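I have placed the structure first, in the form of structure tokens, so that the comments after it can refer back to it.
The values are calculated or read from the model by the stated rules, or taken from the named source; none is laboratory data. None of these values were measured; they are calculated from a predicted model. Because the Cβ atoms are built from the backbone with ideal geometry, glycine has one as well, and the counts that use them run over all protein chains shown.
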Amino acid sequence: MTRHVLIDQMTWTDYDERVRTENPLVILPVGSLEQHGPHTPLGTDTIIPTAISTAAAERVGAMVAPPIAYGYKSQARTGGGNHFAGTTSLDGETLIHMTRDIIKEFARHGVRNMVVMDSHYENEMFLIEGIDLALRELRADGNEDMKIVKIRYFEFTSDETMGIVFPNGFPGWPLEHAGVMTTSVMLHLHPELVQMDRVPDHPPVQYPPYDVFPADPATGSPSGVLASARGASAEKGKRLFDEYVAGISKALSVEFKLGARTPEARASTGTVRQ
């Protein structure tokens, strides 16, 4: 039998057996369908966390759920704005309820350990609310042993790597939308989807330290890029990707006390849930 990492490629019987006998960790990637400049695809925020989740799952013996491929509305100062063609967003309440429902469904299957892998800056508090509501409702139903770790993968970038990837200075994560980091990782993962000849070359967009609603598209970035990705490269992308996978795998091993990841080894240490 082929041992899949991706849940949607498993049969229900194989999935059920692993949940019942291995107490597996399930990783849920969350991204967006959002413009990422004229040079990287709309699905960038979903492609990257799914790839990181899959590589980390292979290391620690976890399983990866199909991603939530839509996110909360793009904001001008962190994503260019929700007005760009192709950007397809959810209301906050919808994302909260989707997150809650998915967590509760996995709990119903018997899953007790989950990771929410976030890639879209605007998702943050809505995912936290969905996690909180799910845990509250599960506790009310008598399920006290569900544990969830929420991760934003880019926060695993080391100071050393930051100096290599941003030799001329780091503009900040909010302005890194469609910038050097995501473009580099996409060049590593899917160079065929990146058009470096279309990267805008301009200084970081300057915004006032406040938000105005309704947003005026004329005052923001015309390309959707907030800081130029001109310095991106596949080499930088590989360094970033490898660092994210290694750091996240280590963190998950610590948080969930993951040791040997074969069923036989887990049985010998008493960690197989019958």
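Remark: pairs (first residue in the range 84-100, surrounded by 15 or more Cβ atoms within 10 Å (Cβ to Cβ); second residue in a helix (DSSP H, G or I) and among the hydrophobic types (A, V, I, L, M, F, W, C); Cβ separation under 6 Å; 6+ apart in sequence or on different chains) = G92/F126; L95/F126; I96/F126; T99/L127; R100/L133; R100/A134. In a residue-by-residue description of the range 173-184, the property of being polar (S, T, N, Q), at pLDDT 95 or above and more than 22 Å from N123 (Cβ to Cβ) applies to no position. In the condition set (1) over 30 Å from G231 (Cα atoms); (2) modelled with pLDDT of 95 or more; (3) surrounded by fewer than 19 Cβ atoms within 10 Å (Cβ to Cβ), E144 is compliant with all but (2). In the range 115-141, of all residues being touching a helix residue (DSSP H, G or I) at 6+ places or on another chain (Cβ under 6 Å), over 27 Å from V180 (Cβ atoms) and of a type in the set (A, V, I, L, M, F, W, C), the one that is surrounded by the most Cβ atoms within 10 Å (Cβ to Cβ) corresponds to A134. Among residues of the range 16-27 that are touching a residue at least 60 places away in the same chain (Cβ under 8 Å) and closer than 13 Å to A62 by Cα, those with a beta-carbon under 6 Å from a residue that is of a type in the set (D, E, K, R) and not in a helix (DSSP H, G or I) at least six positions away or on a different chain give the pairs N23/R273.
The set of residues from the range 41-50 being crowded, with 20+ Cβ neighbours inside 10 Å and of a type in the set (A, V, I, L, M) comprises I47, I48. Within the range 106-118, the set of residues being over 19 Å from V254 (Cβ atoms) and touching a strand residue (DSSP E or B) at 6+ places or on another chain (Cβ under 7 Å) comprises F106, V111, D118.
Per-residue answers, yes or no, for (1) of a type in the set (V, I, T); (2) within 24 Å of T219 (Cα to Cα); (3) surrounded by 21 or more Cβ atoms within 10 Å (Cβ to Cβ):
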| site | (1), (2), (3) |
| --- | --- |
| I27 | yes, no, yes |
| Q35 | no, yes, yes |
| H39 | no, yes, yes |
| I52 | yes, no, yes |
| A55 | no, no, no |
| V64 | yes, no, yes |
| T78 | yes, yes, no |
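The conditions of being at pLDDT 95 or above and within 29 Å of G37 (Cβ to Cβ) are not met by L138. Just one of the listed residues (S253, S221) is hydroxyl-bearing (S, T, Y) and modelled with pLDDT of 95 or more, and it is S253. Evaluating R266 against the criteria (1) modelled with pLDDT under 90; (2) part of a loop (DSSP other than H, G, I, E, B); (3) out of contact with any helix residue (DSSP H, G or I) (no Cβ under 6 Å at 6 or more places or on another chain); (4) not small (G, A, S) leaves one unmet condition, (2).
Check the range 199-215 and report whether any residue there is under 19 Å from F84 (Cβ atoms), among the acidic types (D, E) and surrounded by 14 or more Cβ atoms within 10 Å (Cβ to Cβ). No, the range 199-215 has no match at all. Filtering the range 52-84 to residues that are under 17 Å from E34 (Cβ atoms) and part of a helix (DSSP H, G or I) leaves A76, R77, T78, G79. With the requirement that a residue be of a type outside the set (S, T, N, Q) and over 21 Å from the mean Cα position of the chain (by Cα), what does the range 213-234 give you? Scanning the range 213-234 gives F213, P214, A215, D216, P217, A218, G220, P222, R230, G231. Restricting attention to the range 108-139, the residues that are touching a residue at least 40 places away in the same chain (Cβ under 8 Å) and basic (K, R) add up to 1.
For the range 185-206, taking the residues that are farther than 11 Å from T40 by Cβ and not in a helix (DSSP H, G or I), the one that is modelled with the highest pLDDT is identified as P200.
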